[in-house]
Protein chains: 2
Amino acid sequence: MSSNSSRRREITVADVAKAAQVSKAQAARALGNYGAVSEEVRGRVLAAAEELSYRPNELARSMNTGKSNTIGVVVGDIENPHFGLATRGITDTAKKSGYNVILINTDEEVSAEIEAVRVLLDKRVDGLIVAPASSIETEHLQHVHESGRPLVLLDRKAEGLDVETIAVSMAEISFESTRYLLQAGHRRIAFISTLKTETPYRTGMVLDSSQISERLEGMQRAFTESGLSFSEDQVRLNAGDADSIRTITRGLLLAPEPATAIVASDGLIALSVVEAIQELGLSIPDDISFLMYDDFSWTRLTSPPLTVIAQPVYEMGVAAAGALIRQIEGRKPAANGAGFSARLIRRGSVAMPRTARV
Amino acid sequence: MSSNSSRRREITVADVAKAAQVSKAQAARALGNYGAVSEEVRGRVLAAAEELSYRPNELARSMNTGKSNTIGVVVGDIENPHFGLATRGITDTAKKSGYNVILINTDEEVSAEIEAVRVLLDKRVDGLIVAPASSIETEHLQHVHESGRPLVLLDRKAEGLDVETIAVSMAEISFESTRYLLQAGHRRIAFISTLKTETPYRTGMVLDSSQISERLEGMQRAFTESGLSFSEDQVRLNAGDADSIRTITRGLLLAPEPATAIVASDGLIALSVVEAIQELGLSIPDDISFLMYDDFSWTRLTSPPLTVIAQPVYEMGVAAAGALIRQIEGRKPAANGAGFSARLIRRGSVAMPRTARV
DNA sequence: GTGAAAGCGCTAACAC
DNA sequence: GTGTTAGCGCTTTCAC
């Protein structure tokens, strides 16, 4: 081929040492910035390295030091802007401390997550950030933790796993949002989530996601405190691709007793729900009120702009990476105390339901 | 701490070998699935490995084989849905072939890109996918190529660098879109891009991005072929954060001779432009026509839905990873021939300009 | 400060 | 088939 240096063996410390007329050890010390090296030797070595355009082999370095300066990040779906933003927070923070990020997608499959974690461990990453696909099946994470590898959970808690977890507490904000909908007069409030379950939702059911559990719990509490019974039949799990969400939305709105408000569990769902509503020729909020999790820019562009539950996603990414790196470097956890909280941003997509209007 | 195995040395082939009462070599062969091993020995070794919960050290493995099964991906901004989607295509494809992905963000800074490439090379990735921040400053990429490391470019070409490049040809679609706007009666067509330049745009200026060059070239050709002169004073580069885009948009629309159509170079810009238009109390397409690159779901949700230039982003990610892996594994490039092309999706955001109406 | 030599955990010759 | 022995490119004793 055209590349002239293609087949040439890579330059190693030994080559540099020879060129600089010093021992391999001295060359390595100068290049690796450790141990004692005289200025004179250092100069010669660095010059030789430059001359030969020597580049250290980080793999070899990692093998000796046991440090790879790499962290593994395991998320459900990088295409989802929620994770995109969180990942940005993680990579930004990691880079500042000299860490690289290996990113693995699980499609929210536990089996893929198990595999991901194993691969990352085999690659000897210095630590892991995982947004667990399941809050219940957590043996593999437990295993990571027990092996002593630093681990930080993002977005969701894992049952019985006592590791640092960066997540917003959903119960409170869900309670608040639901109360807001109830006060507007809604009684049939639908909730749509991708969470996979074997059977349709029933109150008290054990769910695989701490986030969704908390949200449902908050909704329920709001109903109860208002002396109403929770519209559990309006909960729709197993929302998959755009098509299935569309079907679900139609089902909700074309029912004999249609939902009067819909809460979308994330931005991807929201997109399909709003589209389905428009297709049906219904209007927000006149015909149906709408509320969604995550405050993406596009939510301000629709007519009306959408009422959302904003989460500090980027900041959580930053916090997760910060916490992990602190663990890796054996420093004490920052007394960040508070934890993160979401807030309800009232825009124009919630109004009184038709039935309640004069 | 609670973890009982924290400080324990990791299990190695040697440990497994001893437990299975065979030589290190035989254990390694059984574990690594290479060489000749009798069924009997294999069984004993695997059992012992299981028992000790042995896990191979991929770093050590990589050192010997010279293969890390890792590819490096360098993009401008993972938070940008365009790259989010492309990255998904890359990771999906990589995973299928047993590769992992190290992701680095450059913020479109060449210096960060240079650093990123160096780090990745030091980590001995098997290949690189880069969306070059600059089409001109490409020595570092040239260097990668010369060193013989497989390299695939995404989205943008790099001058004088003869490597496989996965990108849509922008000149044609830009020409077509501009002609569409011209035919609707527009003469002052603005184009907003984040591309950094020292001086305002003038026709013929050498630009740092092949994508933008092609787009501008296409616009210009459309003007020329219609016997009109290109509204080069309507080109706005250096659009940075949301605020600066807002300022630019206002400038364009509040000028004595305001633009009648705006073309947004990507989804992030589009978001801010549309928002600014709404803030000004102007309406699309009555007061201003709008066209943007990339077809994100939210573009169908606004009123009216937006006319966009759709690019097969995910597929390009898939193609880039496929091409890279093919290079890595020394197979011949797929005769994928065609290359990718974008298409104009006419929705509701383009209409005749006020001035041209009866 | 310096150098020789011994690893890190694995693969790969090479003999038997 | 199996075991012995060298490495891979570095860091790290340990003498001097």
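Please identify, among B:Ser289, B:Ser272, B:Ser303, the residue showing maximal mean-square fluctuation in a Gaussian network model of chain B using a 10 angstrom Cα cutoff. Comparing B:Ser289, B:Ser272, B:Ser303 in the GNM, the peak value goes to B:Ser303.
Summarising the strand pairing of the protein assembly as shown, around 15 percent of its internal DSSP beta bridges are antiparallel. Per residue of peptide B:77-89, the mean number of Cβ atoms on other chains within 10 Å of the residue Cβ is 5. For chain A, the tally of Lys pairs with Cα-Cα distances below 26 Å comes to 14, considering only residues 8 or more apart or on different chains. Note on region B:150-273: Kirkwood hydrodynamic radius from all Cα pairs is 15.2 Å, rounded to one decimal. Convex hull volume of the Cα atoms of region B:245-321, normalised per residue: 87 Å³. Restricted to Cα atoms, region B:213-346 shows a radius of gyration and a Dmax of 18.2, 60 angstrom. Distance from the Cα centroid of region A:165-189 to that of region B:197-224 is 50 Å (rounded to whole angstrom). Database remark: amide H of A:Val101 closer than 5 angstrom to the amide H of A:Ile71, B:Leu103 (H placed geometrically; neighbours at sequence offset of 5 or more, or on other chains; Pro and chain starts carry no H).
May I ask you to sort B:Thr199, B:Thr299, B:Thr106 by Cβ crowding, counting other Cβ atoms within 10 Å and putting the fewest first? Walk me through the numbers before you get to the answer.
On the way: B:Thr199 8, B:Thr299 24, B:Thr106 21.
Ascending Cβ contact count within 10 Å gives the list B:Thr199, B:Thr106, B:Thr299.
Within the listed set B:Leu59, B:Leu344, B:Leu271, the residue fluctuating most in the Gaussian network model of chain B (springs between alpha-carbon atoms under 10 angstrom) is B:Leu59. Shielding value for A:15-26 is 0, the average number of Cβ atoms from other chains within 10 Å of each residue's Cβ.
Normalised by the residues of region A:148-271, what does the relative contact order come to in percent, with Cα pairs under 8 Å and at least six apart? Intermediate results must be reported in sequence, preceding the final value.
On the way: 170 pairs, mean separation 39.9, N = 124.
Relative CO of region A:148-271 lands at 32 percent.
Need one number: the % of Cα-Cα pairs in region B:3-65 sitting beyond the 19 Å mark. Roughly 29 percent, once rounded to a whole number. Seen from all directions on average, region A:186-225 presents a Cα convex hull projection of 3.1 nm².
Each 10 Å bin from zero up to the one holding the largest Cα-Cα distance in the protein assembly as shown carries the following percent of pairs: 3, 13, 21, 23, 20, 12, 6, 2, 0, 0.
Under a model in which nothing but the beta-carbon of Lys, Arg (+1) and Asp, Glu (-1) is charged, region A:3-65 shows a dipole of about 240 debye around its Cα centre. For region B:133-138, backbone phi angles converted through the Karplus equation (6.51, -1.76, 1.60; θ = phi - 60°) give residue-by-residue couplings of 5, 9, 8, 10, 7, 10 Hz, Gly and Pro being listed as x. In percent, rounded to a whole number, the relative contact order of region A:3-65 is 34, using alpha-carbon pairs under 8 Å and six or more apart.
The Cα-based radius of gyration and maximum Cα-Cα distance (Dmax) for chain B are 26.4, 94 Å.
Only the coordinates and a few stated rules stand behind these numbers; no lab work does. Because the structure is predicted, anything quoted here is derived from the model rather than measured. Using ideal geometry, Cβ is built from the backbone for each residue, glycine included, and neighbour counts are taken over all protein chains shown.
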